[in-house]
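For reference, the structure discussed in these notes is given below.
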Amino acid sequence: PLSDAQRRTIYALSTPPGKSGVAVIRVSGPETLGVWQRIVRTTRAARISQDKGKGKDVNRSVTKTPSILPQPWKMERCHIIDPHTSEILDDALAVFFRGPRSFTTEDVLELHVHGGRAVVGAVLTALARVPGCRPASPGEFTRRAYEGGRLDLTQVEGLRDLVDADTESQRRAALRVAGGEARSQFHALREDIIGCLALIEALIDFGEGEDIEEGVFDQARQQAQRLRDRIQSILSDNRRGEIMRTGIRLVIFGPPNVGKSSLLNFLAQREAAIVTHVPGTTRDILELSLDIGGLPILVADTAGLRESPDEVEQIGIERARKAVQAADASLLVLSLSDAVSATPSGPRLHIPAEIAPLVTPNTFILLNKMDLLPTSVLMPTLTALPQHGCWAVSLASQTGTGEFVAGLATELQDRYNLIQDAEGEDTNVPLITHARHRVHLESALEFLDAFLDTPAPEDIVLGAEELRYAAQAVGKISGLVDVEDVLDAIFNQFCIGK
Ligand code: GDP
Ligand code: ZN
């Protein structure tokens, strides 16, 4: 029997398991054409053989028709047959992609079969019977695309993020990365570092003043300085790309009994709310994953904040403090009647002393229980509120809640979203979408600084080494050099069939 390594051709169901209208089964590897010949019988082939045998054997069955070569990149109607018994397993569609013009750069076959358990099971069993074939491991198709040089690591990550995208902003960002935008930018950066290194190497080989022009060392230094500034500016992105991908962490905090849980329940019931509810020990929801204006938001509730002699509650308060400090943004909920007090110069917003230290530039304020204030007091109060990042609502009667959600979406978009220009093009797009990129860029920055610190020109050989490391660090982002250790980690997060 063949070993797994010898069975180089892989197959897998690429659509989710279970019943569906259509299921797609993918095959990739050197034996793909063999798979086609053994299990695919096109109606085109049946027609040809029927024409040939006119009048003799009109009822010749499809399974008896010989296999004919596929027309690459063209979807063909076919029967899938069992390679041993020639039994027809399904009436299907098949596309053959001839390598290297395929996703994996190898020959690829896609079978679009009826999405029933028995159909899919029968076709997968048939594939298992073709010599040289084995089931694919998670992400193996994408891994072959990477190994074939069709995708770099940032594109691999982009593809996975695209599959995982829940919101519009995530979809747009992932599509750009999967399309190779980060790839080409990191590539250009690495090329420029290598260009700088080439100058230094020329100096080492020939020495200044002979075959090399004067001032080459200074020229290299200036280039390195520009490159380190460029990396520095890529790094100062407030982690926007990473935050957009994983979701903006928004923590709800405030004194007890102001409506924090009511707010979380309200947000959870909105139509745009997506997925996870993490239930707490009480009836409160603790964490929610939401789509607010196309932005992915992870909202968490905290215990009420107040000074308390009760030890258990103290722990809860401490935890709330930490949560607020660790979050990207926070929403302070207060009761409108408690928070606004009359002063001679009109109503004023008052934040309790124990809470005030937690307020940051990324803290928004929601004043709840608007319904408890008589209209005569309410009107001047509302006009006295801050213009931005502060809203008054009644969660009980759902007054002002629409404006609050829309306003919060705008505030968060200003901070985190890609900015679209008049043509609808995204500008100001953060290049870093994964922590991995940041780690390598930070080390590239350190090596460039080390180069700039080497005293000129006596330690030039050492300086060249620093530049080489800097180029290598950037190369790691794309997976051009020395990344065996991260490959498994990256591809294992894929599903089978991707
Ligand atoms: P939390 O302790 O901050 O989580 O507050 P809850 O959401 O548990 O609400 C505390 C109490 O305030 C509950 O009895 C709610 O029914 C009530 N409540 C919440 N929102 C409003 C509101 O807009 N108006 C009024 N009158 N009561 C509210
Ligand atoms: Zn609560």
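Once backbone amide H atoms are built at 1.01 Å from N, PHE364 has SER330, LEU331, LEU332 as its partners under 5 Å, excluding neighbours fewer than 5 places away on the same chain. Across segment 95-165, counting alpha-carbon atoms alone, Rg and Dmax equal 14.1, 38 Å.
Taking the three principal axes of the alpha carbon atoms in segment 38-177, the coordinate ranges are 61, 31, 28 Å, sorted in descending order.
Working note: Karplus 6.51/-1.76/1.60 with θ = phi - 60° gives segment 80-92 the couplings 9, 10, 6, x, 8, 9, 6, 5, 6, 9, 6, 9, 9 Hz, where Gly and Pro are set to x. Cβ crowding within 10 Å, taken as a proxy for footprinting-reagent exposure, orders THR410, THR9 from fewest neighbours to most as THR410, THR9. Within segment 9-136, antiparallel bridges make up roughly 90 percent of the DSSP beta bridges whose residues both belong there. Here the relative contact order of segment 73-232, from alpha carbon pairs under 8 Å that lie six or more residues apart, stands at 12 percent.
Computed with the Debye formula from one identical point scatterer per Cα of segment 163-268, without solvent, the log10 of I(q)/I(0) at q = 0.12, 0.15, 0.24 Å⁻¹ comes to -0.68, -0.83, -1.24. Database remark: amide H of GLY254 closer than 5 angstrom to the amide H of LEU305, VAL333 (H placed geometrically; neighbours at sequence offset of 5 or more, or on other chains; Pro and chain starts carry no H). Note on the chain: Cα Rg divided by 2.2 N^0.38 Å, N the number of residues, gives 1.33.
Using θ = phi - 60° in the Karplus curve 6.51 cos²θ - 1.76 cosθ + 1.60, the 3J(HN,Hα) couplings for segment 292-297 round to 10, x, x, 9, x, 10 Hz; x is entered for Gly and Pro.
Annotation: amide H-H contacts under 5 Å for HIS350 (H modelled 1.01 Å from N, sequence separation of 5 or more, or interchain): VAL340, SER341. Each residue of segment 167-182 is assigned a 3J(HN,Hα), and the resulting list reads 10, 4, 5, 5, 4, 4, 5, 5, 4, 5, 5, 4, x, x, 5, 5 Hz, derived from the Karplus form 6.51 cos²θ - 1.76 cosθ + 1.60 (θ = phi - 60°), x at Gly and Pro.
When only Cα pairs under 8 Å and 6 or more residues apart are kept, what is the percent relative contact order across the chain? Relative contact order here is 15 percent.
As a rough guide to protection, the peptides 78-87, 442-451, 350-359 ranked by mean Cβ packing within 10 Å, highest first, stand as 442-451, 78-87, 350-359. Lys-Lys pairs in the chain that are eight or more residues apart or on separate chains and whose Cα atoms lie under 21 Å of each other come to 6.
Based on C-alpha pairs under 8 angstrom that are at least 6 apart in sequence, segment 9-136 has a relative contact order of 34 percent. Listed from fewest to most Cβ neighbours within 10 Å, the set ARG134, ARG98 follows the order ARG98, ARG134.
Here, each number is a calculation from the coordinates, and none is a lab measurement. Source: prediction; values computed, not measured. So basically every Cβ, Gly included, is an ideal-geometry build from the backbone, and we count neighbours across all protein chains shown.
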